[in-house]
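The values are calculated or read from the model by the stated rules, or taken from the named source; none is laboratory data. Nothing here was measured: the structure is a model prediction, and the numbers come from that model. Cβ placement follows ideal geometry from the backbone for every residue including glycine, while neighbour counts extend to all protein chains displayed.
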Amino acid sequence: MPVTAVVGAQWGDEGKGRIVDYLAQKVGAVVRYQGGDNAGHTVMNEYGRFQLHLLPSGIFNPNTHCIIGAGTVVNLAALIEEIDRVETAGVMTNNLWLDERAHVLLPDYRQLDALQEQARGNHAIGTTKRGIGPAYTYKVARAGLRMGDLKHPDWALQRLRVVRERLQAEFATFGAELPPLEEMVAQLTTMFAQIEKHVVDTVPILRKLLQAGAVVISEGQLGVMRDLDWGIYPYVTSSNPLASYAAIGAGFPASYITRVVGVAKCYTTAVGAGPFPAELTGKTGEQLRQIGREYGATTGRPRRTGWFDAVAARYAAWISGMTELALTKLDVLDQLPKIGICVGYKLPDGRTTEEMVDTYTLEQVEPIWEYWPGWLTDTSTITTCAALPENARNFLHRVEELVGVHLSIVSVGPERNQLILMETNT
Ligand code: GDP
Ligand code: IMO
Ligand code: MG
């Protein structure tokens, strides 16, 4: 049996965590394949409410292997804290595996991320300051430290000297200083000892599961518009949230991905800088922020809000090979009399387009709106498509038509069961 890739179809925070939590109830494994603790995936279930940063959203099911794959960057302190938090709530973590090839996100990368952001001044990316950019930079420069390196103290020390030499030079340009090598080694060794039992070669785990016919979910972080190659560069993260990257970051043949669930909100949000054509800066935008509680799960920053951007979602659907669409937060629109959809962009020269454009141009486009009547009815307890108000169904069908991908799931609240499976209820 194949891999189901769950990917963000917008600017991030689409509700991937709650969708994975729902889908993970019957699967063999959930694997995170990129990013680090910049993710904030909210999951609400019988154990409580959690903001997962590194742990895959399948962690609540003891029969599901949860893998943090080779393509991720791991902040050991953040991971230990998160394991502690879920264990305190009664969740077992002996189903958690970290690939030994994943890179260690050194504590000092966070400071470097903050220093770099400060230096960017007006052109700041608005990163989460979790050290993600530096961690991937060092990885690509072949100057990084991998999880498995810490199993061999001599080798780890040798590797850390390489990282440190480069890091020291970089810190010096900001007039900052690194802690002594011995201190770094002691800190990493102590933290690693606490999670070493989880650090393995995850290739055989996934291979055996897939060969035995189990379903595996790859859980993307962020969304297509923040993808390093296909998003709004440079206002992107330093890895690839696209579904295709799951095969690389998790370590299985690309041909195993047969189902790609793209997750999108019924409107759009973004944290951080960069173009966001469907943004609403006035009263309606504030209303969406308040009703939808749109504040960043990792940094607490107010999220920018706007109507659903069908151009971006259609682009995301193609580039990530979406086979189905999951729309979240329908209930947030319940109180609004009129609901907009961005169906195209007006270019600076007056022409219009329904295609994604480059970052420079995207900063200057104007949205072309289409408006749909609201339903002014509480949808949060509805469990079938047939029971949805007609105006809600019309809106959903229009979004489905514009994205061009079958709408399979509609979420009407943050809890596990506040969800409508469209296949069985239409
Ligand atoms: P992720 O990063 O894609 O997993 O999304 P986040 O967890 O950062 O943001 C999604 C937010 O919306 C969280 O606070 C969820 O609890 C919440 N949420 C998810 N689905 C729904 C929904 O259908 N309705 C409402 N009201 N909230 C939802
Ligand atoms: P989830 O997984 C929303 C944004 C930052 C910034 C850009 C680069 O919860 O969807 P980074 O720290 O990665 O170098 O920041 O990406 N960003 C997110 N926005 N949700 C996230 O994660 C994010 N992770 C990073 O705001 O614009
Ligand atoms: Mg999030």
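A few remarks follow.
- Odd one out for Ile80, checked against (1) surrounded by 21 or more Cβ atoms within 10 Å (Cβ to Cβ); (2) assigned to a helix (DSSP H, G or I); (3) touching a helix residue (DSSP H, G or I) at 6+ places or on another chain (Cβ under 7 Å): (1)
- Among residues of region 125-136 that are touching a residue at least 60 places away in the same chain (Cβ under 8 Å) and of a type in the set (Val, Ile, Thr), those with a Cβ under 7 angstrom from a residue that is near ligand 2 (Cβ under 6 Å from one of its atoms) and in a helix (DSSP H, G or I), sequence gap 6+ or separate chain, pair up as Thr127/Gly133.
- Applying the criterion of at least 2 residues that are under 28 Å from Asp113 (Cα atoms) and within 14 Å of ligand 3 (Cβ to nearest atom) to the strands (runs of 3 or more DSSP E) found wholly in region 8-62 leaves 41-45, 48-52.
- All positions within region 152-191 that are touching a residue at least 40 places away in the same chain (Cβ under 8 Å), assigned to a helix (DSSP H, G or I) and in contact with an Asp or Glu (Cβ under 7 Å, 6 or more places away or on another chain): Leu167, Phe171
- Pairing residues of region 39-52 that are in the same structural domain as Lys329 (by TED's automatic domain parsing) with residues that are within 8 Å of ligand 2 (Cβ to nearest atom) and not in a strand (DSSP E or B), at Cβ distances under 9 Å and at least 6 apart in sequence or on separate chains, gives no pairs at all.
- Qualifying residue in region 285-297 (condition: in a loop (DSSP other than H, G, I, E, B), among the hydrophobic types (A, V, I, L, M, F, W, C), under 30 Å from Gly413 (Cβ atoms) and not assigned by TED's automatic domain parsing to the domain that holds Leu407): no
- Answer from Glu183, Glu219, Glu177 - the residue that is within 16 Å of ligand 3 (Cβ to nearest atom), over 20 Å from Ile125 (Cβ atoms) and either modelled with pLDDT under 95 or in contact with a Ser or Thr (Cβ under 9 Å, 6 or more places away or on another chain) (or both): Glu219
- Reported count of residues in region 281-331, each being touching a residue at least 60 places away in the same chain (Cβ under 8 Å) and over 28 Å from Tyr245 (Cβ atoms), is 3.
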